[in-house]
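**Student:** This structure is in structure tokens; I'll ask about it shortly.
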Amino acid sequence: MLRLTQAPNIAIAALWVDALRHAGIEASMQRYFLGAAAGELPPDQCLPEVWLIHDEQEAQARSVLQELTNLPQRRWLCLCGEMVEGGFEQCWNCARPMPL
């Protein structure tokens, strides 16, 4: 087994493990509930971890994680002239929906 990475929280770790499994990479999450010990232990030691079952899948797993953590941000220019960034489908300024 090989520790691939630490995740910022359990939800992200679960998403990463699921994505890896979907790509055919056997992975597991460790340190599910160690966050409760933060304060008694150093915070960086309490983060959930993603582990690979087969070390030889490391390169493929890192590639999958690279794609997941570097998704392009969507931007669009509203008719009112406001630049809307992120996952918003409605302009925060005028409430127009994102054009198709």
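**Student:** Name the residue, out of E89, E26, E58, E49, that is surrounded by 11 or more Cβ atoms within 10 Å (Cβ to Cβ) and without any contact (Cβ under 8 Å) to a residue 40 or more places away in the chain. Before the answer, list the steps.
**Tutor:** Numbers: E89 fails: surrounded by 11 or more Cβ atoms within 10 Å (Cβ to Cβ); E58 fails: without any contact (Cβ under 8 Å) to a residue 40 or more places away in the chain; E49 fails: without any contact (Cβ under 8 Å) to a residue 40 or more places away in the chain.
Selected residue: E26, the only one of E89, E26, E58, E49 that is surrounded by 11 or more Cβ atoms within 10 Å (Cβ to Cβ) and without any contact (Cβ under 8 Å) to a residue 40 or more places away in the chain.
**Student:** Sticking with this one: Do you know which residues across the stretch 61-76 are in contact with a strand residue (DSSP E or B) (Cβ under 8 Å, 6 or more places away or on another chain) and either surrounded by 12 or more Cβ atoms within 10 Å (Cβ to Cβ) or within 23 Å of D18 (Cα to Cα) (or both)? Break it down stepwise before answering.
**Tutor:** Applying the first criterion (in contact with a strand residue (DSSP E or B) (Cβ under 8 Å, 6 or more places away or on another chain)) to the stretch 61-76 yields 61-62, 65, 73-76.
Correct list: A61, R62, L65, Q73, R74, W76.
**Student:** OK, next. Within the group G87, G81, which residue is assigned to a loop (DSSP other than H, G, I, E, B) and either assigned by TED's automatic domain parsing to the domain that holds G24 or within 27 Å of A14 (Cβ to Cβ) (or both)? Reasoning before the result, please.
**Tutor:** Working: G81 fails: either assigned by TED's automatic domain parsing to the domain that holds G24 or within 27 Å of A14 (Cβ to Cβ) (or both).
Result of the check over G87, G81: G87.
The values are calculated or read from the model by the stated rules, or taken from the named source; none is laboratory data. Quantities reported herein were computed from a predicted structural model and do not represent experimental measurements. Virtual Cβ from ideal backbone geometry, glycine too; neighbours counted across all protein chains shown.
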